[in-house]
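Participant: Once you've had a glance at the structure underneath, I'll fire off some questions.
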Amino acid sequence: MQKKIAIINDISGFGRCSVTVALPIISYLGVQCCPVPTAILSNHMGYPNYFMDNYTDRMETYIGNWKSLGLRFDGITTGFLGSTQQIGIVKQFIRDFSRTDTMVIVDPVMGDHGRLYSTYTEELCSQMRELLGLAHIATPNLTEACRLADITYRDGVWRRKELYDMAGRIAAMGPDKVVITGITQGEFIANYVYERGAEPQIIRTHKAGAERSGTGDVFSSIIAADGVNGVPFHKSVRKASGFVKKCIQRTEEQAVPKPDGVCFEDILYQLKRN
């Protein structure tokens, strides 16, 4: 039977991020993608203006209908969550829709470049740590990992021991597998791969161009689909980071504006299913 992932995230109609990235990638990797919208946006917030319909007050009614159908999922993955109420709804969703073998993937979308998003409070950070208690895989970037692990963020070189300590603190909250993404190492971008009971790895790719919206969603979508498909974690991280690099290269070739994200559609056929 085909596997199913529930993805809890916003839907941005334009700009290649969140569900509009996750749905085609997860589907291409052979997994049915079932969105639970947290908000509906005309385009993501990186543009000068946008329309947004906050879906928080309707999430429980939406989810309640799924409960009446008796649905269960092989994977549950989360993206940006903008309030403690949404995090509470997600925690209950995981309890209601998980089986013993359901894979829970949390992308703690909280900030970047050493700064948290303006909506993120200390209470939200605390709630995100609680959500990680229900996760099997966590995919924080360096900024988010520092905040979750209560370590001061800095630009520059991070030693392996420091990254090991940071990932270990996050794993102690719940997830067996942690990848800290977006670590700059000269001309490389590195991902620190931590898996309980295995030797940690650093997987690096050459920088391919400017940072763009949606690359984190591309990365986490591959990790989520591979997770339910049983792909080894380090292999999945290597595949995801390599694919993001190819996406950026293709997008640079097309001279696409930065807010428009990456042209993953052009090279989706290059994404292997195992």
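Participant: Between rounded, prolate and oblate, where does the range 24-102 land on the alpha carbon gyration tensor, with a ≥ b ≥ c its root eigenvalues, rounded for a/c under 1.5, else prolate if a/b exceeds b/c?
Facilitator: oblate
Participant: For the range 111-256, calculate the relative contact order in percent as a whole number, restricting contacts to Cα pairs under 8 Å that are 6 or more residues apart.
Facilitator: RCO, the range 111-256: 17 percent.
Participant: Just need the relative contact order of the chain here, percent rounded to a whole number, with Cα pairs under 8 Å and 6+ apart.
Facilitator: Relative contact order comes out at 18 percent.
Participant: Then there is this: In whole percent, how big is the carbon plus sulfur part of the accessible area of the chain, probe 1.4 Å, protein atoms only?
Facilitator: Reported share for carbon and sulfur atoms: 50 percent.
Participant: Provide the packing ranking of 57-68, 241-252, i.e. peptides ordered by the mean count of other C-beta atoms within 10 Å per residue, highest first.
Facilitator: Highest to lowest by the protection proxy: 241-252, 57-68.
Participant: When a/c reaches 1.5 or more, the comparison of a/b and b/c decides; with that in mind, is the range 202-274 rounded, prolate or oblate per its Cα gyration tensor?
Facilitator: Prolate.
Participant: Summing -39500 (n - 2.57) over the DSSP H runs of n ≥ 4 in the chain and dividing by its residue number, what mean residue ellipticity at 222 nm do you reach, to the nearest 500 deg cm²/dmol?
Facilitator: Result for the chain: -12500 deg cm²/dmol, rounded to the nearest 500.
Participant: Under a 1.4 angstrom probe, counting protein chains only, how are LEU69, LEU131, LEU268 ranked by accessible area, largest first?
Facilitator: Descending accessible area places them as LEU69, LEU268, LEU131.
Participant: How much length, in nm to one decimal, is gained on full extension between GLU211 and THR152, taken as 0.36 nm per residue of separation minus their Cα-Cα distance?
Facilitator: 18.9 nm
Participant: Quote the convex hull volume per residue of the chain, based on C-alpha atoms, as a whole number of Å³.
Facilitator: 121 Å³
Participant: Report TYR28's accessible area, 1.4 Å probe, all protein chains in place, as a number in Å² to the nearest 10.
Facilitator: Roll a 1.4 Å probe over it and TYR28 shows about 70 Å².
Participant: Quick one: ranking ARG95, ARG196 by accessible area, 1.4 Å probe, largest first, what do you get?
Facilitator: Result of the area sort, largest leading: ARG95, ARG196.
Participant: Suppose R0 equals 41 Å. What FRET efficiency, 1/(1 + (r/R0)^6) with r the Cβ-Cβ distance, do TYR47 and GLU199 give to the nearest 0.05?
Facilitator: That pair, TYR47 with GLU199, gives E of 0.45.
Participant: Rank ARG72, ARG154, ARG238 by mean-square fluctuation in a GNM of the chain with C-alpha springs under 10 angstrom and give only the top-ranked residue.
Facilitator: Of ARG72, ARG154, ARG238, the most mobile in the Gaussian network model is ARG154.
Participant: Hey, another quick one. So what are the ³J(HN,Hα) numbers for the range 95-106, from phi and the Karplus equation (6.51, -1.76, 1.60; θ = phi - 60°), rounded to whole Hz, Gly and Pro as x?
Facilitator: With coefficients 6.51, -1.76 and 1.60, one gets 5, 7, 10, 8, 9, 5, 9, 6, 8, 10, 10, 10 Hz.
Participant: At a Förster radius of 30 Å, what calculated FRET efficiency corresponds to the Cβ-Cβ distance of TYR269 and HIS136, to the nearest 0.05?
Facilitator: Given R0 = 30 Å and the Cβ-Cβ separation, E is 0.55.
Participant: Past 26 Å, Cα to Cα, is the threshold; run LYS207/LYS235; LYS161/LYS246; LYS91/LYS161; LYS67/LYS272; LYS3/LYS67; LYS67/LYS235 against it and keep the listed order.
Facilitator: Pairs exceeding the cut-off: LYS161/LYS246; LYS91/LYS161; LYS67/LYS272; LYS67/LYS235.
Participant: Heavy-atom accessible area of GLU199 with all protein chains present, probe 1.4 Å, nearest 10 Å²?
Facilitator: Result for GLU199: roughly 150 Å² accessible.
Participant: How much accessible area per residue does the range 7-145 have, in Å², with a 1.4 Å probe?
Facilitator: 42 Å²
Participant: Given a 1.4 Å probe, how much area per residue of the range 191-274 is accessible, in Å²?
Facilitator: For the range 191-274, the solvent-accessible area averages 47 Å² per residue.
Participant: Let me ask something else. Any idea of CYS33's accessible area? Nearest 10 Å², probe 1.4 Å.
Facilitator: Only protein atoms counted, so the area is about 20 Å².
Participant: Another question, then. Sorted by accessible area with a 1.4 angstrom probe, largest first, how do THR184, THR205 fall?
Facilitator: THR184, THR205
The values are calculated or read from the model by the stated rules, or taken from the named source; none is laboratory data. For clarity, every value in this text was computed on a predicted model and none was experimentally measured. Neighbour counts run over all protein chains shown; Cβ positions are idealised from the backbone, glycine included. For accessibility, only protein heavy atoms count, side chains too; no ligands or nucleic acids. Shrake-Rupley method; radii C 1.70, N 1.55, O 1.52, S 1.80 Å.
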